[in-house]
Amino acid sequence: MTMFDLAAVLLSVAAALAYLNFRTLRLPATIAMLLAGLTGAVGISIVDRIFPLIGLSARVAHLLDNVNFSALLMNGMLGYLLFAGSLTVDYQELKKSMTSVLTLATVGVLLSTAIVGIGSFYLFGLAGASVPFLFCLVFGALISPTDPVAVVALMHDLNVPKRLEINFTGESLLNDGVGVVVFTVLLAVATASAVSAPMVLGLFAREVVGGVALGVLGGWIVHLASESIDEPNIEVLLSVALVTGLVSAAAHLHVSGPLGCVVAGIFIGNKARHQAMQSETREALDRIWSFADHVMNAILFLLLGFQGAVFGFSSARHAVVIGAIVALVVIARLISVAIPLTVIRRFQSMPKGMIRMLTWGGLRGGISVALALSLPRFEGRQAVLDATYAVVIFTIIVQGLTIGRVIRHLTLEGSEFNAAS
């Protein structure tokens, strides 16, 4: 099967599932696609048990290896998805919650990374998996950031108050970039023969500052180009070229591509949209990027579900420990949200129930799986992969299907959200 054949199959399946979901279940699109992929993975496993000579699981695993999920997401789809998500962020609204958003995206991620890293080190040991401590911290880094692709898509499906949506989407878009940087730094420390504090700080600063600067520069260039013409097709093409160029340049400059795409998206969506684009261009930009976001989300979560064919639990004890790690990640999310917001609440008013909503709305997704799959070979790698996948499945399906009810319940308790929306 060629890559074109595979793309044709994925697009056809995704389109058919989207149609069926819209006509019947009406689930959030990301959850529907993930469930469909998981159902396919379970079906593959059943067929493999009944007809072992076919070796269907091995064939699917080989096909997924050819797709290279990690490279496809991190070096391809992620930049476009982040740009599409940040394009709709209202910067003026974001500024009102900037303190909490930035704190959660930095302090929150670091705090969660430490809690999950330390806790998982002992839990992996109980499962008989000898995962080195530094790689446990790497696991904490890859699983701590909420996934902007999952969160933004879900926020679009739920009718949530504006201020809450800004906190969800703003934090997830920024903490993704920060989380990837923390992951990169910790992985470099875990695999390096010698490390030093200046090296770690320098790597972190280069990734963050370089990524933000690259995004601002790219956004400004497109802004100037859009000011000089009035042709929707060309201006939309400029935005596509911007994201493609940012991803490529970031890889060569060794700076954060995700942060660059988020910054560029906010820049184009606010400054260029209002100062350099006519109404026809703005409409075309929104439609094209909304469509691209929908298509890539569908394919991403369908593939994510099929990844279930290559994960599993070796024993009941293994499954129990993995379940404990899922609980650990949720608890770490609660602590990493509660501590910063409790401090911020002393200086800034905050709607009731914010901590509980942000905790339960902390979905993980394809980025965590992609980062885990990109890990080099080390003792305990499969245990990290299994734990990552279990956390992603739990947060997207269980938390994703219930967060709407949690939000509705908590917003009925007070009027602050409604007043701020």
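The values are calculated or read from the model by the stated rules, or taken from the named source; none is laboratory data. Keep in mind that this is a model prediction, so the values were computed, not measured. Cβ sites come from the backbone with ideal geometry, for glycine too, and all protein chains shown count toward neighbours. These accessible areas exclude ligands, DNA and RNA; they are computed on the full protein's heavy atoms, side chains included. Shrake-Rupley method; radii C 1.70, N 1.55, O 1.52, S 1.80 Å.
Structural remarks
- Selected residue (criterion: nearest to L34 (Cα to Cα)) from residues of the range 380-421 that are modelled with pLDDT under 85 and assigned to a loop (DSSP other than H, G, I, E, B): S421
- Complete set of residues in the range 107-135 that are open to solvent by less than 10 Å² (accessible area, probe 1.4 Å), of a type outside the set (A, V, I, L, M) and either free of Cβ contacts under 8 Å to residues at least 24 places away in the same chain or closer than 13 Å to V391 by Cβ (or both): S112, S120
- Inclusion of L142 among residues that are open to solvent by less than 10 Å² (accessible area, probe 1.4 Å), at pLDDT below 85, in a helix (DSSP H, G or I) and not polar (S, T, N, Q) is not warranted.
- Every pair of residues 6+ apart whose Cβ atoms lie under 9 Å, when the first sits in the range 326-339 and is assigned to a helix (DSSP H, G or I) while the second is open to solvent by 50 Å² or more (accessible area, probe 1.4 Å) and among the β-branched types (V, I, T): S336/V107; I339/V107
- Among (1) under 29 Å from S349 (Cα atoms); (2) under 18 Å from the mean Cα position of the chain (by Cα) - the single one V181 does not satisfy: (1)
- Of the residues making up the range 308-318, those that are open to solvent by less than 40 Å² (accessible area, probe 1.4 Å) and either aromatic (F, W, Y) or at pLDDT 70 or above (or both) are F311, H318.
- D48 open to solvent by 70 Å² or more (accessible area, probe 1.4 Å), out of contact with any strand residue (DSSP E or B) (no Cβ under 6 Å at 6 or more places or on another chain), free of Cβ contacts under 8 Å to residues at least 12 places away in the same chain and closer than 23 Å to L6 by Cα: no
- Failed item, numbered, when L363 is tested on (1) within 30 Å of A15 (Cα to Cα); (2) in a helix (DSSP H, G or I): (2)
- Residue list for the range 64-74, filter: farther than 23 Å from V398 by Cβ, modelled with pLDDT of 80 or more and surrounded by 16 or more Cβ atoms within 10 Å (Cβ to Cβ): S70, L72, M74
- Residue in the range 41-58 that is over 28 Å from P351 (Cα atoms), in contact with a Cys (Cβ under 7 Å, 6 or more places away or on another chain) and modelled with pLDDT of 80 or more present: no
- Out of A36, A32, A61, A15, one residue alone is modelled with pLDDT of 90 or more and over 20 Å from the mean Cα position of the chain (by Cα). It is A15.
- Lone qualifier among R356, R377 - being open to solvent by 50 Å² or more (accessible area, probe 1.4 Å) and not in a helix (DSSP H, G or I): R377
- Output for the range 76-92, where each listed residue is assigned to a helix (DSSP H, G or I) and surrounded by fewer than 17 Cβ atoms within 10 Å (Cβ to Cβ): G76, Y91, Q92
- 2 or more residues over 23 Å from D147 (Cα atoms) and open to solvent by 40 Å² or more (accessible area, probe 1.4 Å): qualifying helices (runs of 4 or more DSSP H) within the range 199-307: 232-253, 279-306
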